[in-house]
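Everything below concerns the one structure shown next.
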Amino acid sequence: MPPATSSSVLHRVSDGGDTTTTTSQTAAPNDARTFWCAAFSRVRAETERRAAPLSAEDQGVQSMSDASPTKWHRAHTTWFLEQFLLVPHLAGYRVFDERFSYLFNSYYVAAGPRYGRPQRGLITRPDSECVTAFRAHVDAGVERLLRTAQETQLAEVLRILEIGLNHEQQHQELILTDILHAFAQNPLAPSYRDDWRTPRPQSSSDGFAELPTGIHTIGFEGNGYCFDNEGPAHQTLLQPVRIARSLITNARWLEFMAEGGYTTPSLWLSDGWTTVEKEGWNAPGYWRDLDGVWHSLTLGGLKPVDPDDAVTHVSYYEADAFARWAGKHLPTEAEWEVAARQNLLDDAFGIVWQWTRSAYLPYPGYRAAEGALGEYNGKFMVNQMVLRGGSHATPAGHTRISYRNFFYPPARWQFSGLRLVDYCE
Ligand SMILES: [Fe+2]
């Protein structure tokens, strides 16, 4: 787990539109309480702001087992703070409802039994109002803890709080991706917010940048927050390779489709082709052919596919097939990170997560922490692929160059796209 800190870079909170920026600070211990109280309020408010456009009916729906209802995200992030911060550290804290641990524990085996993930949409009680009351109860507890914690307690309290806030930001992104998946099942193609605008890539470069071959260091180093899976920093050897400055656009994806990308088995990994046949994929997720014009369901509703936008909602299998069709490759996560550190990537953050061809594995020397919070990342290090960067649904400031996102190869309900690399002859 990351070290306790009162010198962390805090988070900008955004939904891809307006942005509220907090600043990094090096806080003296007495200032730390005020600083973290403000940070806590900002992150908690952002969750509610993201949930606000959704009705109670919207907030209860679960469209597949990978996705969760908004109401569950609001409650689970609250349970996380209650379970790991308030119960162990706030003397006299009264648990809001003893039954909620069973309902809102996600996967922490050490924290006790839990309700089945695929059935989260069946939980109509507690209702949204009750979850709001749960959030207010825990908010008051955290604020009281920040006011009253002993100086000797404070470092550990802030360490857990910082994990809790970063955890909540991850669920803020899921609130948006999960509701978009739910809306995509609705023939009326609802919009989350009519004024939502998907950001357009800034890069106009078709160019590739050469990476310096040889030994490089990747992984998190220095001050500030990181998740445990970003370390230890370690050396890695790069072959001669050039990396695309820009993201793959819808225009390029339409070329791939026009040249039989989804109907040519030789372009696909075996598991990928099996998925194409099983799922009937012939375009990225949420694309619909309306009278010969491709449209995509976005958070702003159903829109004609814009050729200049970055392609999104593609799985690892599709990204890999596209790279093969293009005569190139997906980057490894080390190639991506070295390039990002050297400022060679346009639109690395804020548009789409980018698939790498690296399996999600522990870095050399990685050990998960003891206890329930040690289950956060380490136990998922098999069968998934790493994505780097960040999307327009990621709370701004949440992600960083060493950040490792990970999903299963068929997943495409996240804002996932790609860029390519080319190996030098
Ligand atoms: Fe969680």
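Brief remarks on what is shown
- Taking the stretch 136-233 and dividing mean pair separation by its residue count, relative contact order in percent (alpha carbons under 8 Å, at least six apart): 13 percent
- Long-range amide H partners of S358 with built H, under 5 Å: E333, V386
- Both radii come from the Cα set of the stretch 356-395: Rg as radius of gyration, Rh as Kirkwood radius; their ratio Rg/Rh reads 1.04.
- Simple rule: put +1 on each Lys or Arg Cβ and -1 on each Asp or Glu Cβ in the chain, find the dipole, and look at M64, A244, L299; the Cα lying farthest toward the positive end is M64.
- Rounded, prolate or oblate (a/c below 1.5 giving rounded, otherwise prolate when a/b exceeds b/c) for the stretch 118-167 by Cα gyration tensor: oblate
- Here the stretch 376-423 is treated as a sphere whose radius is the Kirkwood value from Cα pairs; by Stokes-Einstein at 37 °C and 0.692 mPa s it diffuses with a coefficient of 265 µm²/s.
- The modelled label-to-label distance for the pair R144/T213, using points 7 Å beyond Cα in the direction of Cβ, is 6.4 nm.
- Karplus-derived 3J(HN,Hα), 6.51/-1.76/1.60, for each residue of the stretch 372-385, Hz, glycine and proline x: 4, 5, x, 7, 4, 10, x, 6, 9, 7, 7, 6, 10, 10
- Label-point separation in nm, R117 to V382, each point 7 Å along Cα→Cβ: 1.5 nm
- Those aspartates and glutamates that a straight Cα-Cα span of less than 12 Å connects to K278, excepting residues fewer than 8 apart in one chain: none
- Counting only protein heavy atoms and a probe of 1.4 Å, the accessible surface of the stretch 27-76 is 56% carbon and sulfur.
- Translational diffusion coefficient (Stokes-Einstein; Kirkwood radius from C-alpha pairs) of the stretch 69-228 at 37 °C, 0.692 mPa s, in µm²/s: 172 µm²/s
- Beta bridges per DSSP with both ends in the chain, % antiparallel, nearest 5: 90 percent
- Oblate is the label for the stretch 135-277, because a/c, from the alpha-carbon gyration tensor with a ≥ b ≥ c as root eigenvalues, is 1.5 or above and a/b does not exceed b/c.
- Sequence ranges 295-304, 252-261, ranked by mean other-Cβ count within 10 angstrom, highest first: 295-304, 252-261
- Whole-number Å³ per residue for the convex hull built on Cα positions in the stretch 184-343: 175 Å³
- With the highest mean first, a sort of the peptides 73-85, 113-125, 381-393, 267-279 on other beta-carbon atoms found within 10 angstrom per residue produces 73-85, 381-393, 267-279, 113-125.
- Electrostatic dipole magnitude of the chain [Cβ: Lys, Arg +1; Asp, Glu -1; Cα centre; debye, to 20]: 720 debye
- Here is how the number arises for the chain: DSSP H runs of 4 or more residues each give -39500 (n - 2.57), the sum is divided by the residue count, and the result at 222 nm is -10500 deg cm²/dmol.
- The tail of the calculated P(r) for the stretch 177-229, taken as Cα-Cα distances beyond 15 Å, holds 75 percent of the pairs.
- Charge-dipole axis of the chain as Lys and Arg at +1 and Asp and Glu at -1 on Cβ define it, positive-most pick from T132, P118, W325: T132
- Where labels lie 7 Å past Cα in the beta-carbon direction, separation of R367 and D31 in nm: 3.6 nm
- Projected area, mean over directions - the chain, Cα convex hull, nm²: 20.5 nm²
- Dipole of the chain [Lys/Arg +1, Asp/Glu -1 at C-beta], most positive-end residue of F227, G260, L90: L90
- Annotation: amide H-H contacts under 5 Å for R288 (H modelled 1.01 Å from N, sequence separation of 5 or more, or interchain): H295, S296, L297.
- For A368, no residue 5 or more places off, or on another chain, has a built amide H under 5 Å of its own.
The values are calculated or read from the model by the stated rules, or taken from the named source; none is laboratory data. This one's a predicted model, so the numbers in the text were calculated from it and none came from an experiment. Glycine also receives a Cβ, built like all others from the backbone with ideal geometry; neighbour counts cover every protein chain displayed. For accessibility, only protein heavy atoms count, side chains too; no ligands or nucleic acids. Shrake-Rupley method; radii C 1.70, N 1.55, O 1.52, S 1.80 Å.
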